[in-house]
Every structure is written in structure tokens, then in C-alpha cells.
Amino acid sequence: MSLGFDELGLSEATLQAIRGVGYEAPTTVQAESIPYLLAGRDVVVLSQTGTGKTAAFGLPLIEKVEPTTRQPVGLVLCPTRELATQVAGALEEFGRTSHVRIAALCGGQPIGRQIGQLRDGAQIVVGTPGRVLDHLRRETFDASTVSYLVLDEADEMLAMGFAEDMEEILKALPTERQTAFFSATMPPPIARLAETYLRDPVRVDVTPRTGSTLEIRHRFYEVPYHLKFDALVRILELERPGPSILFCRTKIAAQELGDRLAESGFRTDSLHGDMVQQDRDRVMQRFREGRVELLVATDVAARGLDIEGVTHVINFDIPGDAEVYTHRTGRTGRAGRTGDAITLIGPRERRLLQAISYRLGVKIELARVPSASAILERRREAFQESLIESGSQDGLEEFRTMVDALTETMDYETIAAAAIRLVWEQRGYGSISEDPAPRKFVANGPMTRLQIWSGRAHGLRPADLVGAIAGETGLPRQVVGGIEIHEEFTLFEVAEEAEELVITSLSRARLRGRPVKVERAAPDSRPMVRRPRPEFSAPGKPRREFARQGGGGRGEFDARPRRSGYDR
């Protein structure tokens, strides 16, 4: 039987505030954390985002504040300005009946206003590590009276490079204090911090055994990079999700994807590190108000976002590890709602996704990209729904008159069918590309030379390059000709027809863990030794592959038939 808020030891003033914000019963993290915090224990809480962490540490913090004090007694550190602002707003709601004063210390806001809040007697300070440290150094924030410290999303702050700032702040606080770490994961640095700065902490672990919220459905689509966008558009059109967040690996990719989706008719905007704070605030406001349906973001820009109602999280670029996957997918399926987590991968990325799945204990199901026929059927259904909605509205008298006039030459069914066809064609609903499929290239065609700024000094091997091209483009390995690996760069040949695709796709990949810069080789660069091009394998015939020359120059590769005739 679950507990109620009135059974957790909270005061009547706080319970009144809880009823005012509409909370009916505590979540698991609240029910398990609040009693320890009210008892003065240090805690380490492992909990996903969207489970009610703010109230779990915020309600006990409100209880610690004496109404007459004019000194800070509580400090809450958050990884981003957005999260700090949201936490400060929530604490103001929780402390409304107790008249608790909150100061928000974040970058991108006038520091003079923040100094004024501190001088006016703020009792709880919420801020980002950088700005809090700035006030400590200016001596505008006196931390000597702080007796309650919360690190919210501690793992995120470490991932964002705040480790030194956090340690400096921790050392500036009184040693006799109560400390709470709230984190979605427990990487070794967080464990070391807890061991160093917490006193006999209680560990509260409310993460689901699957490593992710049980309300989230996890799926992945395997497509070559040059088909990713087409596949994404089909997925969005078929599922018609609500507010969704799409994650990209880089700032450039996030901006480009946002622009392409907008050109395709989606209400979208981008969020990345190159944006000034005013533009970030504008984008977030539009997303919360529903004027933007798709938010394309990088991991750094999206850290700490707390947005209700996100139905889908889509990894356009696969996350690099399980912790990043957890933080991304934690943006959906919040507070008991259901959500969808979708990941688009290339053939070379399946092993990484399998490692993430194994690490988290999450089953990530393989899904098929919607076919052209499925998209057309979905468009028909949506069109019929819009017609029914339009027919139920007022203001049809003028159009009924037109129908009456047309019945002199056509029957009602013909009139309706003609009108539907006219609108259908004007909106381009019948136009759709063919089902995504790898492009085919002619063997033994002309070749072109490309260059990448990665070589032996970076551990690059021919297999890495050939595998990356095949995996990112979906093309057969035979489109690659000769390869020369030098100390700092590599020259290689590709089929002339595949040149543009290889440059575009490979530029977004990583080789030996490094981003790749691909360009056309300079005309005056050293000529490559021409080798016979590998033939496409035919049934019953041996397949040719790249093999190292026995006595050739270092780094040169050519195609040789395997003696055994084994076709891998």
C-alpha cells in the first residue's frame, strides 16, 4: 500500500502547498527519499529524469527554512540554466505558503539582479556551478550558512566538465551540512565524490531493473546514412508523434537536420551550443507552447531539459554510450506516461547498439522503415479525418450552393471525387519517393581520388576506411579502389558515380574514434599505383577482397582473389 504525503512527516504548510500544485500521491523516489532527508541523513539517489526528483529534495529543503532567517540555508546545483530555472520555479511553488525566498544564479542573466536577490535575504539558492562559483569569488554569495546541499543530475554536471567547479564549491561550504546527490547513473567520478564529501550516505535506488523507464518502447531502424533522412521523414509521417526531441551528434548536423525538416513541412527548430541564450530561450518557449513539434538538439544543449509531454525521442545519430542513451531517452515516458525511443543506425553501428542494449538490459526491437504504400495509406486516413472534421464545421452554405449548381452536369459522387482529387494533387499527397534502397553502381567504371586527414599516426587501417564507406553509404565494398595510407593523411579511390555520396556520408562518420574530413585529392598530389578493380562476386564464384601486397610499398593495398574461394 503506497504512502500519502501526509504520512511522510511534512508540515501542514508544506502539505497545503502540495495540494495547491495538484499533487495527489508521492512518486516512488519521493516516498523513499523524503523521510531520510527530513531525518537529516546524507543520501545518494539514483533515479531517472521525470520521476519527481525536484519534489523529492525540494520539499524537505522547504522544511529546513526558518521563516525569520535572511541567510541562505539551502543550495541546489543544476547542470544547465534551463533546469535551474525550472527547479527555482518549483521551489517557489512548494514554499509559497511558507513565504520562502528563492534566488536563481544562472548564466545569461544580469548579475546585478542576482546580487539584489541575495541581498534581499534569499533563503534557498539555485544555480549552475559556473555562476555560483562566480558569486563565491565576488563574495556576493556567503555560503557559510548553507546547511543543505543538493546536486541535481550530478552525472550530467560531470559530463559537462563541471568537476573542478563542483569540487571548489563543495570545499567552500561548511563541513557540517546535509548533502544529497541525485543522479540518473552512478559513474566512478560520482562515487568518488560521494565517498569524499558525504557522511555515511543512504543509497536510494529507484531506477527500473531494465535500466530505463518501463513505459518507454525502444526501437531501431538500420539504414545507410544517405537514406537516414528519407527514413526519418517516413517514420514521422506514419506515426505523427506529439512533441518530440531529435538528437544529433554535432551542432552542424543539428542545424542542417532542423533546416531540412522545416523545408519538408514540419514545424521544427534547432537547439545547439552555438546559439546565444536569448535564442535558446525563444526556441524552448516555442516548443513548450506547441508552436514547434520537433526539437532537434545536441546532447550538451538538451542536458537538463525538463519538458512534460514529449512523446518521442529519436536518435538520428546513435549515442556513444549507454549513459548518454539513458539521458536522451529519459526525456520521454515521464511521470507515468508512455513514450517511444527510436534510434537510426548504419550497418557498422549495430554492435554499438547491442552493447548499449546489453549494458542497460533494455530490449531494443528492430523495426522496418515504412513502405511507400504504408505512407500513402496513412495519408488517405489523415485526409479522410480532415474531411470529416471540415464537414462538421459551420460555414458550408456557400459551398452547398456550388454543389447544387454542379449537379446539373454531374452526380454527387463524381463531384465529391473530383473535389478530393483536386485537393489531393494540389497538396502533393500522391507524390512519394521509392522505398529506400542502396544505390547500384556499375563495376569497372571511372574512378576518382579522395583524401582524408587521418593516417598511420591515428591508427587508421584500410579495413577501417573500406568498412566505414560501405557502412555509411550502403554501397558494396567494390566501389573502393586503391588505398595509400600515409603518416597524417590517406589517399583512396572510389567509383566516380559514388564520389558525392561518399564525401557526404563519410564526413559524418568517425574513424578510429575521430571525426573525418573528406575532400577531393589535389591534382598535383602524388599519383597512386593503379591496381585492378575488384569485380562483383557472382554465385558460385570466388569473391575478391583487399589483401596486403607481399612485397609492395607500405600502406598499398590491391584486390586479390582468395585461394579458397570462400565468399564471406
Enumerate the pairs (first residue in region 447-471 and part of a helix (DSSP H, G or I); second residue anywhere and modelled with pLDDT of 85 or more and surrounded by fewer than 19 Cβ atoms within 10 Å (Cβ to Cβ)) with beta-carbon separation below 6 Å, excluding pairs fewer than 6 apart on the same chain, so at least 6 apart or on different chains. 456/487; 457/487; 457/488
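Would you pick out the residues in region 339-387 that are assigned to a loop (DSSP other than H, G, I, E, B) and under 16 Å from residue 233 (Cβ atoms)? Give the derivation first.
So the first thing to find is which residues in region 339-387 are assigned to a loop (DSSP other than H, G, I, E, B), and the list is 346, 361-364, 367-371.
Result: 367, 368, 369, 370, 371.
Scan region 62-95 for residues that are among the aliphatic types (A, V, I, L, M) and over 31 Å from the mean Cα position of the chain (by Cα) and jot them down.
Residues of region 62-95 among the aliphatic types (A, V, I, L, M): 62, 65, 73, 75-77, 83-84, 87-88, 90-91.
Within region 62-95, 62, 65, 73 qualify.
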If you take the residues of region 265-289 that are of a type in the set (Asp, Glu) and either in a helix (DSSP H, G or I) or touching a Phe, Trp or Tyr at 6+ places or on another chain (Cβ under 8 Å) (or both), which of them is surrounded by the most Cβ atoms within 10 Å (Cβ to Cβ)? 269
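In this structure, does residue 29 turn out to be farther than 20 Å from residue 141 by Cβ, assigned to a helix (DSSP H, G or I) and in contact (Cβ under 8 Å) with a residue 40 or more places away in the chain? Please lay out each step first, then the result.
Working: farther than 20 Å from residue 141 by Cβ: yes; assigned to a helix (DSSP H, G or I): yes; in contact (Cβ under 8 Å) with a residue 40 or more places away in the chain: yes.
Judged against the criteria, residue 29 is a match.
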Members of region 223-242 found to be under 25 Å from residue 377 (Cβ atoms) and not in a helix (DSSP H, G or I), listed by number: 223, 240, 241, 242
Can you pull out every residue in region 58-101 that is of a type in the set (A, V, I, L, M, F, W, C), outside any loop (DSSP other than H, G, I, E, B) and over 16 Å from residue 13 (Cβ atoms)? 75, 76, 77, 83, 84, 87, 88, 90
(1) surrounded by fewer than 19 Cβ atoms within 10 Å (Cβ to Cβ); (2) not in a loop (DSSP other than H, G, I, E, B) all hold for residue 313 apart from (1)
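Do we find that residue 472 is out of contact with any Leu (no Cβ under 7 Å at 6 or more places or on another chain) and among the acidic types (Asp, Glu) in this structure? Break it down stepwise before answering.
Values: out of contact with any Leu (no Cβ under 7 Å at 6 or more places or on another chain): no; among the acidic types (Asp, Glu): yes.
The answer is no for residue 472.
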When only residues in region 150-164 that are charged (D, E, K, R) and touching a strand residue (DSSP E or B) at 6+ places or on another chain (Cβ under 9 Å) count, which is modelled with the highest pLDDT? 152
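Of the residues 56, 122, which single one is in contact (Cβ under 8 Å) with a residue 24 or more places away in the chain, more than 30 Å from the chain's Cα centre (by Cα) and assigned by TED's automatic domain parsing to the domain that holds residue 184? Quick ask: steps written out before the conclusion?
Working: 56 fails: more than 30 Å from the chain's Cα centre (by Cα).
Going through 56, 122 in turn, the sole match is 122.
Going through region 244-264 one residue at a time, which ones are of a type in the set (A, V, I, L, M), within 15 Å of the chain's Cα centre (by Cα) and in a helix (DSSP H, G or I)? Quick ask: steps written out before the conclusion?
From region 244-264, those of a type in the set (A, V, I, L, M) are 245-246, 252-254, 257, 261-262; that's our starting set.
Add one more test, that the residue is within 15 Å of the chain's Cα centre (by Cα), and what stays is 245-246, 252-254, 257.
Within region 244-264, 252, 253, 254, 257 qualify.
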Only one of (1) within 22 Å of residue 97 (Cβ to Cβ); (2) of a type outside the set (Lys, Arg); (3) in contact with a helix residue (DSSP H, G or I) (Cβ under 7 Å, 6 or more places away or on another chain) is not met by residue 24, so which one is it? (3)
Give the residue that is modelled with the lowest pLDDT, with candidates limited to residues of region 329-374 that are within 21 Å of residue 29 (Cα to Cα), touching an Asp or Glu at 6+ places or on another chain (Cβ under 7 Å) and buried (at least 20 other Cβ atoms within 10 Å of the Cβ). 334
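Name the single residue that is farthest from the chain's Cα centre (by Cα) among those in region 449-462 being surrounded by fewer than 17 Cβ atoms within 10 Å (Cβ to Cβ) and not hydrophobic (A, V, I, L, M, F, W, C).
The first filter runs over region 449-462 and keeps only residues surrounded by fewer than 17 Cβ atoms within 10 Å (Cβ to Cβ), leaving 453, 456-457, 459, 461.
Narrowing further to those that are not hydrophobic (A, V, I, L, M, F, W, C): 456, 459, 461.
Numbers: 456: 33, 459: 30, 461: 31 Å.
The residue in question is 456.
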Region 246-272, subset among the β-branched types (Val, Ile, Thr) and touching a strand residue (DSSP E or B) at 6+ places or on another chain (Cβ under 8 Å), residue modelled with the highest pLDDT: 268
Single match in 119, 81 (criterion: of a type in the set (D, E, K, R) and crowded, with 18+ Cβ neighbours inside 10 Å): 81
Going by the structure shown, is residue 105 at pLDDT 90 or above, touching a Lys or Arg at 6+ places or on another chain (Cβ under 7 Å) and more than 26 Å from residue 5 (Cα to Cα)? yes
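Which ranges mark the helices (runs of 4 or more DSSP H) fully within region 128-201 that have 2 or more residues being in contact (Cβ under 8 Å) with a residue 24 or more places away in the chain, at negative phi and among the small types (Gly, Ala, Ser)?
Of the helices (runs of 4 or more DSSP H) lying wholly inside region 128-201, those with at least 2 residues that are in contact (Cβ under 8 Å) with a residue 24 or more places away in the chain, at negative phi and among the small types (Gly, Ala, Ser) span 154-159, 163-172.
The values are calculated or read from the model by the stated rules, or taken from the named source; none is laboratory data. Because the structure is predicted, anything quoted here is derived from the model rather than measured. Note that we place each Cβ from the backbone using ideal geometry, even for glycine, and neighbour counts take in every protein chain shown.
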